[in-house]
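To start, the structure itself, in C-alpha cells.
The values are calculated or read from the model by the stated rules, or taken from the named source; none is laboratory data. What you are looking at is a predicted structure, and each value in this text was computed from that prediction instead of being measured. Virtual Cβ from ideal backbone geometry, glycine too; neighbours counted across all protein chains shown.
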Amino acid sequence: MSILLSKETTFIVQGITGREAVNLTRECLDYGSKVVGGVTPGRKGREVHGVPVFDTVAQAVENYGGPIDGSVVTVPPAFTKDAVLEAIENGIKLIVIVTERIPRRDVAQMVELAEMRGARIIGPNCLGLIVPEVCKMGGIGGPAKDAAKAYAPGPVGVMSRSGGMTTEISSSLTQAGLGVSTAISIGGDAIIGSTYAELMPYFEADEQTQAIVIYTEPGGRMEAQLSEWVAENNSRLPIVAFMAGKFMDDEEMKGMSFGHAGTIVEGKEDTATEKIARLAEAGITVAEEIPQIPELIKEKIGARASV
Amino acid sequence: MRFYEYEARKIVELAGIPVTKYGFCTTAEEAHKAAEEIGGPTVIKSQVLSGGRMKAGGVKFADTPEEAAEHAEAILRLEINGHMPRGVLVDPKAEVKQEYYASVVWDGTAKRPLMLFSDMGGIDIEEVAETHPDHVGRGHLSNLFPISDFEAKQTIAATGVTGSPLNRATPILAKLARLFRDYDMTLAEINPLAELTDGSFVALDAHMEMENEAVGRQKALLRKHLEIAEDDTRETYEPSDFERNVAAIDAADHRGVIQGKDHGFEGNLGLVIGAGGGSLTLTDAVRSQGGKPANYSEIGGNPSVAKACGLAKEVLEKDGVEKIAVMMSIVSNTRVDIVARGVIKACLELGKDPGETIAIFRIPGAWEDEGFKILNRYGVEYCDRSVSMWEAAGRAVAKIQGTPA
C-alpha cells in the first residue's frame, strides 16, 4: 500500500519540452511511472522520450481515452496558475507544482479551485512524491538508479518542506534498513497545496505506514497545525521531526529569508525554538541531528508493537 | 517589498480610501510650504523604513509653518535605528473623535486573506487581540470570487460597531481588502483609521508590504504611480560586497543558482553548501558543533564550473576565512563532479592547496564517482552518503580547530 500513488497512476507533464521537464520525464519513465502525455502550447505533434506532446490538457485526455490521474506542472511562474486551472478543469485530481517564485495570490486561487473540484495540489516549489518501487511523480530522488539507492520500500512516511532533504532523510531510513512507504516533498513556500496536517489522514489510513518523519523549517504555522491535528485525532502514528534553520533565531537574522521563500521569521511563533516547543508539547519527538532519526523511529515502532 | 508611509498613503488614496491633505517633503522649505497650504496645526513625521519613530523623536507637532520647517530640518537629519529618512510627511493635526484599526493579512493555514477590524485603533493589534478579543473582528476572503461590501460589514459589526461609523467604515475595509488582493500585498494596514469630529473617516497612517514574487507584475503601481526606481529593492539591510559579488556571478550565467549571505556571520570556516534545506541543516550542524561559519550559501540547479568556482573564490577571499567546507544534501540534479571541479579551480586560482584549503567535501549523488576521482587527485578529503551531513560538518569544524576528528 501507499498514499496518493499506485502502479496504475497515470500522469501528464505540463511544460514537458522545458530542459528540466525533459529530464524529469526520462527519470519518471525509467522508474516505471506511467507518463501518458505532455503539454506545451504550440508544440503539438512532438514527442519527449516517446511521450506525445499536445497543445492542451483536453487533447492529452482525449488521446489517452479516459481520465488522467495527475499532472506535474513545470512551467514559468507567470503561467503556472493558468496551467493548473487547466488541469483541474480537465478532471485531473492530483497536481504536483514544481515551479517556484509564484505569488501567493495565484497559489491561493489554485488551491481554492482544487478544493471546489475535489483535486489535491502538492507544492508549489517542490520535487513531487515517490512510492518506492511503485511510482515516482516529479524529480524527487533524481534519475531512477539514484532514486532506487535512496528509497527502499518500508514503514515510514516522509513529508518535507525541502526537496533535497526528502531524499537525504529517506536515504538515512533506507540505509538503516527501515525504508519508506511514501515520501512527499510538500514545498517550501508560505502557502502550499498540502500541509503536514492535511496529508496525515492519508498516512493514517495506509496500512503500510507505521511512523512519520517530517523535515521542517522556521516560518509559518504548519507545524502548529500538525500539533493541533495530532492532539485532536489521537493518531496511531508516532512522529519524529527534524527542524533546520535554528541559526535563524539570532536577532540579526530577523526578517531575513533563507533557503525557501516560506522560511522567514516574522512573528514570535515562527522561530525554530518556538516550533520545537510546540511539536514536543504534542508528543512529537524532535531529533537533534539526522543520524538519530532512524534510531528514534525504530524505538517508536518497537514500542507500539509491544503494546 | 516595504513601502514608506507616504507611499502607503498614496496606495490607499488610489484605492479610493479618504486620506488627509498631506505633503511629502525633502527639505525644510517644502515643509514650510506644505504647512502653509494645510493651514493650522500640523504633524511632521519622519519617512523611514523602521518602527519606533515616535520614541526616537521622528514625529513632532507644529502650530505654525515656521515651526513645521524647524521640525522638518531636525527630523531630516535624524537617523532612526540605523536608517536615514527619505523625507518627511507633513499632515494636518486631525480632530479625532475615535480611532479604529483595519487590516488585511494572509492566513497561511486557511490559505485565504484575512480581514481584521477593531474599534480600539491606534495601538498594537496583537495586544488588543489578547486583552480584548471581543473588540477584534475577523473575516476570511475568497481568492476567486469578487469581494463584496457585506463581508467587510460583517467583520466590522462583529466588534459591536453600528450606526453611522459602521456604514462609513464598511466601504473602507472592503476597498482595503480589494487593494490587498489586486496589488499582491502581504500586509495592508490602516492604523489608526480615524473618525473625525465631523463624523467623516480618514486613514491617518498606513502600512503596506508587497510580496517580492509579485513585484514584476505590479510595475504599473510601482513605477507609474509611486515612481519607485527599479534598483530600489528595499532590503532590510545594505548588501555586503560579498553578497553583491555572489549575486553578480549568479546573474552572469543562467545555469544553476548560487546565493551567498554574510550578514550576521563572522567566522573562519567558509561554507560552500546547498541546496535550500541542506544549507539550513548544514549551517546549524556547523554551529552546534562549535564551528564558526563565515557565511551562508546555497548551490542548486546544477551550476556551471565557473559558477561553483566563483562562489568558492568569494568565500575564500572573505576576511578571516581559513578553510572552506563543501557540503550538500544528496543531489539528484546538481552534478558532484562539476562542483568538485569548481571548488578545486577556485583554490588553484588563488594559489592555495585544495587538499589543505577544503576541510571536507561531502556531496553524494549524481556523478559522484567522477567527482571523487578528481578530489582524490588533489588530496581533498571527501565522503559519500554513508557519512551524515552532521558528521561531515563535525569533521570540518575539528580540522579548522586543529583537533583530530
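Within the set of pairs 6 or more residues apart or between chains, which connect a residue that is more than 9 Å from chain A (Cβ to nearest Cβ) inside region B:98-119 to a residue that is among the acidic types (Asp, Glu) with Cβ atoms less than 6 Å apart? From region B:98-119, the pairs are B:Gln98/B:Glu195; B:Tyr100/B:Asp119; B:Ser103/B:Glu189; B:Leu114/B:Asp107. Residues in region B:162-173 that are touching a residue at least 60 places away in the same chain (Cβ under 8 Å) and over 33 Å from the mean Cα position of the chain (by Cα): 1 in all.
For region A:228-251, filtered to residues that are of a type in the set (A, V, I, L, M) and touching an Asp or Glu at 6+ places or on another chain (Cβ under 8 Å), the residue that is farthest from A:Gly157 (Cα to Cα) is A:Ala244. Within region B:12-22, the only residue that satisfies the criterion of being surrounded by 21 or more Cβ atoms within 10 Å (Cβ to Cβ) and not in a loop (DSSP other than H, G, I, E, B) is B:Val12. Counted as qualifying within region B:193-281 are the strands (runs of 3 or more DSSP E) with 3 or more residues that are closer than 24 Å to A:Pro77 by Cα and touching a strand residue (DSSP E or B) at 6+ places or on another chain (Cβ under 6 Å), namely B:206-210, B:257-261. Against the test of being without any contact (Cβ under 8 Å) to a residue 60 or more places away in the chain, assigned to a helix (DSSP H, G or I) and aliphatic (A, V, I, L, M), the options A:Val22, A:Val53 yield a single qualifying residue, A:Val22. B:Ala340 meets the conditions (1) of a type in the set (A, V, I, L, M); (2) under 13 Å from B:Gly270 (Cβ atoms); (3) touching an Asp or Glu at 6+ places or on another chain (Cβ under 9 Å) in every case but one. The failed one is (2). In region A:210-247, the residue that is nearest to the other protein chains (Cβ to nearest Cβ) out of those that are in a loop (DSSP other than H, G, I, E, B) and surrounded by fewer than 22 Cβ atoms within 10 Å (Cβ to Cβ) is A:Arg221. Scanning region A:267-286 for residues that are part of a loop (DSSP other than H, G, I, E, B), modelled with pLDDT under 90 and surrounded by fewer than 17 Cβ atoms within 10 Å (Cβ to Cβ) yields a single hit, A:Gly267. One residue stands out among those in region B:357-374 that are among the hydrophobic types (A, V, I, L, M, F, W, C) and more than 14 Å from chain A (Cβ to nearest Cβ): the one that is farthest from B:Ala340 (Cα to Cα), which is B:Ala359.
Annotation note: of B:Arg168, B:Arg234, B:Arg181, the sole residue that is more than 30 Å from B:Asp262 (Cα to Cα), out of contact with any helix residue (DSSP H, G or I) (no Cβ under 8 Å at 6 or more places or on another chain) and of a type in the set (Lys, Arg) is B:Arg168.
When B:Asp337 is tested against (1) under 27 Å from the mean Cα position of the chain (by Cα); (2) surrounded by fewer than 22 Cβ atoms within 10 Å (Cβ to Cβ), exactly one condition is not met: (1).
Scanning region B:375-398 for residues that are buried (at least 21 other Cβ atoms within 10 Å of the Cβ), away from chain A (no Cβ under 14 Å) and either basic (Lys, Arg) or over 35 Å from the mean Cα position of the chain (by Cα) (or both) gives B:Leu375, B:Val380, B:Tyr382.
All conditions in (1) crowded, with 24+ Cβ neighbours inside 10 Å; (2) of a type in the set (Gly, Ala, Ser); (3) within 14 Å of chain A (Cβ to nearest Cβ) hold for B:Ser288, with the sole exception of (1). In region B:137-149, the residues that are more than 13 Å from every other protein chain (Cβ to nearest Cβ) form Cβ pairs under 9 Å with partners that are surrounded by 13 or more Cβ atoms within 10 Å (Cβ to Cβ) and polar (S, T, N, Q), at six or more places apart or across chains, as follows: B:Gly137/B:Ser118; B:Gly137/B:Gln154; B:Gly137/B:Thr155; B:Gly137/B:Thr159; B:Arg138/B:Thr155; B:Gly139/B:Gln154; B:Gly139/B:Thr155; B:Asp149/B:Thr170.
I'd like to check something: does region B:295-308 contain any residue that is of a type in the set (Asp, Glu), farther than 26 Å from B:Gly402 by Cα and either surrounded by fewer than 24 Cβ atoms within 10 Å (Cβ to Cβ) or within 14 Å of another protein chain (Cβ to nearest Cβ) (or both)? Within region B:295-308, one or more residues are of a type in the set (Asp, Glu), farther than 26 Å from B:Gly402 by Cα and either surrounded by fewer than 24 Cβ atoms within 10 Å (Cβ to Cβ) or within 14 Å of another protein chain (Cβ to nearest Cβ) (or both). Here A:Arg120 meets each of (1) more than 11 Å from chain B (Cβ to nearest Cβ); (2) at positive phi with one exception, condition (2). Looking only at region A:136-155, decide whether some residue is touching a strand residue (DSSP E or B) at 6+ places or on another chain (Cβ under 8 Å), of a type in the set (Val, Ile, Thr) and either touching a residue at least 60 places away in the same chain (Cβ under 8 Å) or away from chain B (no Cβ under 14 Å) (or both). Within region A:136-155 (the criterion being touching a strand residue (DSSP E or B) at 6+ places or on another chain (Cβ under 8 Å), of a type in the set (Val, Ile, Thr) and either touching a residue at least 60 places away in the same chain (Cβ under 8 Å) or away from chain B (no Cβ under 14 Å) (or both)), the answer is no, since none of the residues qualifies.
Of all the listed residues (B:Lys345, B:Lys352, B:Lys318), the sole one being assigned to a loop (DSSP other than H, G, I, E, B), crowded, with 18+ Cβ neighbours inside 10 Å and either away from chain A (no Cβ under 14 Å) or at pLDDT below 95 (or both) is B:Lys318. The set of residues in region B:68-97 that are of a type in the set (D, E, K, R), touching a residue at least 12 places away in the same chain (Cβ under 8 Å) and over 30 Å from B:Ser148 (Cα atoms) comprises B:Glu70, B:Glu73, B:Arg86, B:Asp91, B:Lys93, B:Glu95.
Which residue is nearest to the chain's Cα centre (by Cα), if the candidates are limited to region A:177-205 and must be assigned to a loop (DSSP other than H, G, I, E, B) and surrounded by fewer than 19 Cβ atoms within 10 Å (Cβ to Cβ)? Filtering region A:177-205 for residues that are assigned to a loop (DSSP other than H, G, I, E, B) and surrounded by fewer than 19 Cβ atoms within 10 Å (Cβ to Cβ), the one nearest to the chain's Cα centre (by Cα) comes out as A:Gly179. Does A:Glu251 satisfy being without any contact (Cβ under 8 Å) to a residue 12 or more places away in the chain and at the interface with chain B (Cβ under 8 Å from one of its Cβ atoms)? No, not satisfied.
The residue that is nearest to the chain's Cα centre (by Cα), counting only those in region B:93-136 that are under 22 Å from B:Ala157 (Cβ atoms) and of a type in the set (Gly, Ala, Ser), is B:Ser103. Can you name every residue in region B:236-256 that is under 19 Å from B:Ile324 (Cβ atoms) and either among the basic types (Lys, Arg) or within 13 Å of chain A (Cβ to nearest Cβ) (or both)? Within region B:236-256, B:Ser240, B:Glu243, B:Gly256 meet the criteria.
Residues in region B:95-122 that are surrounded by fewer than 24 Cβ atoms within 10 Å (Cβ to Cβ), touching a strand residue (DSSP E or B) at 6+ places or on another chain (Cβ under 6 Å) and small (Gly, Ala, Ser) were compared, and the one that is modelled with the lowest pLDDT is B:Gly122. Scanning region B:282-297 for residues that are outside any helix (DSSP H, G or I) and small (Gly, Ala, Ser), we see that the one that is nearest to A:Met165 (Cα to Cα) is B:Ser297. Within region A:1-50, restricting attention to residues that are farther than 24 Å from A:Gly193 by Cβ and aliphatic (A, V, I, L, M), the residue that is surrounded by the most Cβ atoms within 10 Å (Cβ to Cβ) is A:Val48.
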